[in-house]
Amino acid sequence: MSAVTTPTGGDIPGGTGLFGPVLHNGPVAALTDDTAWLRALLAFEAALAEAQADAGLATSAEAAAVRQACRPDAFDVDELGRAARADGNPVIALVRRIVALVEADTGATRPSGAAVVAGSAGGAASLVHRGATSQDALDTAAMLLTVVALDAVEGDLRRALAAAVALAEAGRDQPMAGRTLGRQAAPITFGFKAASWAVGLARAGRGVARVRREVPAVQLGGAVGTLSVLGDRGPAVVSALARRLGLGEPAVAWHTERSRIGELAGALAVVAGAVAKVAGDVVLLGQSEVAEVRDTEPGRGGSSAMPHKRNPVAAVAARASAASVAGPVAVLLGSMAHEHERAAGPWHAEWLPLVEALRSTGSAVAWLADALEHLEPDPAAMAANLARDGGLLQAETVAAGLAPLLGRLPAQDVVRLAADDARARSVSLRTALGARPEIARLVTGGMVGEATLDRWCDPATAVGTASAAVDRALAEVRRW
């Protein structure tokens with residue numbers, strides 16, 4: 001299995017290895033890999049130099065020299081990862097390399113034996129990382145990656161939503177068994193189920209859109225968040241940096257105020273939950289004994305042992321990816337208590353879980369969109385499943401119809417006895433009702449007709465306002 005190096009220099013599954021294509025499906029994995037992290041860190045350093053020029057602390061030529069040095073092909077990710085083990089993060093080695101490149105490009109010199117550090121020479125080199133700390137670079141890079149990752153998540157959510165809407169529209173009036181506690185309960189329509197999926201996906205999508213709009217912000221505060229090195233130009237540098245990177249401008253450095261990370265984690269968890277619900281339904285509806293939906297993607301879902309198998313791979317992978325979100329989200333939320341002005345441990349604990357949460361969420365949504373786009377309902381199987389227990393799903397409807405005639409509790413008792421009789425004799429609920437003396441007296445007395453009993457026992461008449469609910473639900477989701 002291939003691996004990628006994270007900001008800690010540690011290895012996690014990814015890329016195109018044995019498990020990467022399944023657990024890191026979709027665009028988010030590539031948008032958060034080593035190369036993406038490097039580009040984001042370099043974008044911060046280049047934009048910081050340019051922001052200093054914008055604020056009158058440097059010339060545009062000096063800023064351009066730093067920008068020129070921040071070229072990804074001049075950096076070795078593995079080397080930065082190894083240095084991170086010694087320095088505690090990769091930014092220190094990154095900055096050393098940028099300074100060296102600037103000095104080499106501009107012909108600047110340092111005293112013999114002097115260490116290569118940020119601002120070790122005058123001119124352009126003095127702009128590199130000036131006024132910033134390692135957390136400024138890493139937090140801002142994380143926000144840059146978050147922006148593109150959330151855009152990808154939202155895009156695949158919209159794909160999944162469009163597929164769910166199409167299923168809801170097509171199945172608006174198609175009766176099927178509603179199930180509670182793993183058992184058939186009462187009739188619904190397939191459109192009603194798919195509309196419920198759509199509502200959950202849309203609500204999750206609105207949460208992602210809000211977080212995408214409100215949470216990503218630059219981080220620039222220096223050692224303790226006061227911008228002391230940049231003096232009275234510090235706020236202007238922050239504003240210019242935010243503008244150049246397309247991120248929000250915070251009122252104050254958020255080094256240890258981690259509500260932004262918490263909100264992001266919460267939004268990802270909601271997306272994962274919405275995906276898991278839909279994917280779980282698809283898996284259960286596709287069981288051999290149920291067979292109310294199938295995956296139509298050719299050649300997908302084979303088994304290593306059973307040639308006949310066609311497993312619901314996309315839905316299964318969506319469930320697996322969604323389940324993988326809870327762990328990193330818990331770490332992100334549990335790490336929010338950062339002490340004082342810079343945390344010793346809680347900040348570092350965020351790095352891996354943030355990447356994992358983004359990747360697993362992105363994979364879950366991409367798989368679900370695939371699953372729903374290739375999902376084919378089987379109305380015949382739905383009808384057969386409704387009829388398989390002889391109409392027992394109509395018991396609630398029959399009891400409600402009898403209640404004005406017998407009273408609510410006596411009506412439930414009569415229908416319960418009829419249902420027990422239907423099971424014992426393996427007959428339909430309609431037949432068992434006809435054999436009950438209480439029902440016979442109502443029919444003889446003209447209080448209820450045979451046609452009414454037939455209608456009460458017809459699943460198509462017992463879906464309540466399911467079809468109208470589909471219309472309301474789809475009107476709501478289209479507002480996202």
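The values are calculated or read from the model by the stated rules, or taken from the named source; none is laboratory data. Note that the coordinates shown come from a computational prediction; the quantities given were computed from them, not determined experimentally. When we count neighbours, we look across all protein chains shown, and the Cβ atoms used for this are built from the backbone with ideal geometry, even at glycine.
Each residue in segment 165-212 was checked for being hydrophobic (A, V, I, L, M, F, W, C) and more than 29 Å from residue 262 (Cα to Cα), and 15 of them qualify.
In segment 257-270 there is at least one residue that is in the same structural domain as residue 337 (by TED's automatic domain parsing), crowded, with 16+ Cβ neighbours inside 10 Å and of a type in the set (Lys, Arg). Within segment 451-480, the residues that satisfy the criterion of being over 29 Å from residue 201 (Cα atoms), in contact (Cβ under 8 Å) with a residue 12 or more places away in the chain and of a type outside the set (S, T, N, Q) are 453, 454, 456, 457, 458. Here the helices (runs of 4 or more DSSP H) wholly within segment 352-425 that include at least 3 residues being surrounded by fewer than 24 Cβ atoms within 10 Å (Cβ to Cβ) and basic (Lys, Arg) are 408-425. Residues satisfying the criterion are absent from segment 343-350 (criterion: surrounded by fewer than 16 Cβ atoms within 10 Å (Cβ to Cβ), touching a residue at least 24 places away in the same chain (Cβ under 8 Å) and touching a helix residue (DSSP H, G or I) at 6+ places or on another chain (Cβ under 8 Å)).
Of all the numbered requirements in (1) farther than 23 Å from residue 174 by Cβ; (2) under 47 Å from the mean Cα position of the chain (by Cα); (3) in contact (Cβ under 8 Å) with a residue 12 or more places away in the chain, residue 413 misses one, and that requirement is (3).
State yes or no: is residue 248 outside the structural domain of residue 335 (by TED's automatic domain parsing), surrounded by fewer than 17 Cβ atoms within 10 Å (Cβ to Cβ) and under 23 Å from the mean Cα position of the chain (by Cα)? Yes, satisfied.
When the residues of segment 445-461 are filtered to those that are part of a helix (DSSP H, G or I) and aliphatic (A, V, I, L, M), the one that is surrounded by the most Cβ atoms within 10 Å (Cβ to Cβ) is 453. For segment 190-234, a residue qualifies if it is in a loop (DSSP other than H, G, I, E, B), of a type in the set (A, V, I, L, M) and surrounded by 24 or more Cβ atoms within 10 Å (Cβ to Cβ), and the qualifying residues are 218, 220. Is there a residue being assigned by TED's automatic domain parsing to the domain that holds residue 149, of a type in the set (S, T, N, Q), under 24 Å from the mean Cα position of the chain (by Cα) and over 20 Å from residue 146 (Cα atoms) anywhere in segment 196-218? Within segment 196-218, one or more residues are assigned by TED's automatic domain parsing to the domain that holds residue 149, of a type in the set (S, T, N, Q), under 24 Å from the mean Cα position of the chain (by Cα) and over 20 Å from residue 146 (Cα atoms). Of the residues making up segment 46-62, those that are assigned to a helix (DSSP H, G or I) and over 22 Å from residue 139 (Cβ atoms) number 4. The single condition among (1) closer than 30 Å to residue 288 by Cα; (2) in a helix (DSSP H, G or I) that residue 464 does not meet is (2). Does residue 320 fit the bill of being in a helix (DSSP H, G or I), surrounded by 15 or more Cβ atoms within 10 Å (Cβ to Cβ) and among the hydrophobic types (A, V, I, L, M, F, W, C)? Spelling it out, residue 320 is indeed in a helix (DSSP H, G or I), surrounded by 15 or more Cβ atoms within 10 Å (Cβ to Cβ) and among the hydrophobic types (A, V, I, L, M, F, W, C). Evaluating residue 43 against the criteria (1) outside any helix (DSSP H, G or I); (2) closer than 30 Å to residue 156 by Cα; (3) among the small types (Gly, Ala, Ser) leaves one unmet condition, (1). Selection of segment 63-79 for residues being charged (D, E, K, R) and not in a helix (DSSP H, G or I) yields 71, 76.
Of all residues in segment 131-159, those that are of a type outside the set (S, T, N, Q) and in contact with a His (Cβ under 9 Å, 6 or more places away or on another chain) total 3.
Rundown of residues vs (1) buried (at least 20 other Cβ atoms within 10 Å of the Cβ); (2) of a type outside the set (Phe, Trp, Tyr); (3) at pLDDT 95 or above; (4) under 26 Å from residue 247 (Cβ atoms), yes/no style:
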residue: 27; (1), (2), (3), (4): no, yes, no, yes
residue: 45; (1), (2), (3), (4): yes, yes, yes, yes
residue: 51; (1), (2), (3), (4): yes, yes, yes, yes
residue: 56; (1), (2), (3), (4): no, yes, yes, yes
residue: 59; (1), (2), (3), (4): no, yes, yes, yes
residue: 66; (1), (2), (3), (4): yes, yes, yes, yes
residue: 87; (1), (2), (3), (4): no, yes, no, yes
residue: 118; (1), (2), (3), (4): no, yes, no, yes
